[in-house]
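The values are calculated or read from the model by the stated rules, or taken from the named source; none is laboratory data. Every value quoted in this text rests on a predicted model; they were computed, and no experiment measured them. Cβ placement follows ideal geometry from the backbone for every residue including glycine, while neighbour counts extend to all protein chains displayed.
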Amino acid sequence: MDYFFQVTLNGLMLCGLYALMAQGLALIWGVLKVVNLAHGEFIVLGAFLAWWGFGEFGWDPYLAAPLIGLVGAGLGWLVSRAVVLPLLGQHFLMTLLATFGLAIVMQSLMTLTFGSSARVTDVPYAATGFGVLGVRVPLIGAVNAVAAFSVLGLLWLFLHRTRPGKAMRAVSENQEAGRLVGIDLKKVYGLAVAVAIGLTTVSGALLSSIEPFYPFAGPPLTLKVFAIVALGGLGSMRGIVLAAALVALTESYVGAYVPEIGTGLGAAVAFILLVVVLALRPGGVAGARATAGHA
């Protein structure tokens, strides 16, 4: 029974990270109705930036995460101007092809810059933990969960308590109505992409110390995140957290009780859950609409 609780705890500690990874994709879809096929590459980029900062300057990845998020937000603004905004209003496939091409470019640049080997940010407290009621709580897992849910809380406050955040929610509800009341759609679109990619690179920084990564790890991450967003109801923050918990727990149980399979089929597990859940509940686990930050 202690083993079951340990496996459950391990899954729950991944829930916040998976939810944070998914919010960036959900935000861009909710506001711009664009699927970013380079999403996983931005996660990997955040991981590489954390690994590089730790190796070169000794920066703890969790303390460096805000700076990495700012770098990601700046890149997101550039991507919105150079790739996304020029293609809005075009055929849906145009943005898919553009973000797919961006993913390939990012993979090549990361390979040239960091090499093709798998990396992990080897923080000194990686093996540290403490016991609670017979269950070992890894310190790095606990810090990861607290950091991820803290960022998610800040995102909720931004979307519900600030004028730019409310404008993003309004545009996600009805773009034409937002334009008619004077909202500058291009500014909102650019801000949404910047915030989304900033969040995504932060999630990569948190991932860097608990899971190996390499330049071509992006596509499986994109698939897993897409499944989580679809499971959560395409826009519900609460639904995405529930879906992330479902995926993380299922991965943890599969890895623990089916050792010949392990956790390497995370995207497959996520899509199997997606098929099962949507067959029973087409609106996702929360039955939410496709809006940004919908509670």
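Suppose we filter region 134-161 for residues that are over 16 Å from residue 62 (Cα atoms), without any contact (Cβ under 8 Å) to a residue 24 or more places away in the chain and of a type in the set (A, V, I, L, M); how many remain?
Result for region 134-161: 1.
Just to be sure before I move on: is residue 47 aliphatic (A, V, I, L, M), assigned to a helix (DSSP H, G or I) and touching a strand residue (DSSP E or B) at 6+ places or on another chain (Cβ under 7 Å) in the structure I sent?
Yes.
Output the residue which, of all residues in region 231-245 that are among the aliphatic types (A, V, I, L, M) and surrounded by 23 or more Cβ atoms within 10 Å (Cβ to Cβ), is nearest to residue 169 (Cα to Cα).
237
Out of all the residues in region 87-103, which are surrounded by 15 or more Cβ atoms within 10 Å (Cβ to Cβ) and aliphatic (A, V, I, L, M)?
87, 88, 96, 98, 102, 103
From (1) over 23 Å from residue 102 (Cβ atoms); (2) part of a loop (DSSP other than H, G, I, E, B); (3) touching a residue at least 24 places away in the same chain (Cβ under 8 Å), pick out the condition that doesn't hold for residue 165.
Against the list (1) over 23 Å from residue 102 (Cβ atoms); (2) part of a loop (DSSP other than H, G, I, E, B); (3) touching a residue at least 24 places away in the same chain (Cβ under 8 Å), residue 165 comes up short only on (2).
Is there a residue being within 16 Å of the chain's Cα centre (by Cα), buried (at least 17 other Cβ atoms within 10 Å of the Cβ), closer than 20 Å to residue 126 by Cβ and modelled with pLDDT of 95 or more anywhere in region 5-14?
No, that holds for no residue.
Let's see how each residue does on (1) under 21 Å from residue 207 (Cα atoms); (2) crowded, with 16+ Cβ neighbours inside 10 Å; (3) under 17 Å from the mean Cα position of the chain (by Cα):
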residue	(1), (2), (3)
105	no, no, no
114	yes, yes, no
119	yes, yes, no
122	yes, no, no
129	yes, no, no
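Scan region 92-129 residue by residue and report those that are in contact with a Leu (Cβ under 7 Å, 6 or more places away or on another chain) and outside any helix (DSSP H, G or I).
125, 128, 129
Condition check ((1) modelled with pLDDT under 95; (2) surrounded by 19 or more Cβ atoms within 10 Å (Cβ to Cβ); (3) within 22 Å of residue 64 (Cα to Cα)) across all residues:
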position	(1), (2), (3)
157	no, no, yes
168	yes, yes, no
171	yes, yes, no
203	no, yes, yes
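May I ask you to verify whether residue 59 is crowded, with 16+ Cβ neighbours inside 10 Å, part of a loop (DSSP other than H, G, I, E, B) and of a type in the set (A, V, I, L, M, F, W, C)?
The answer is yes for residue 59.
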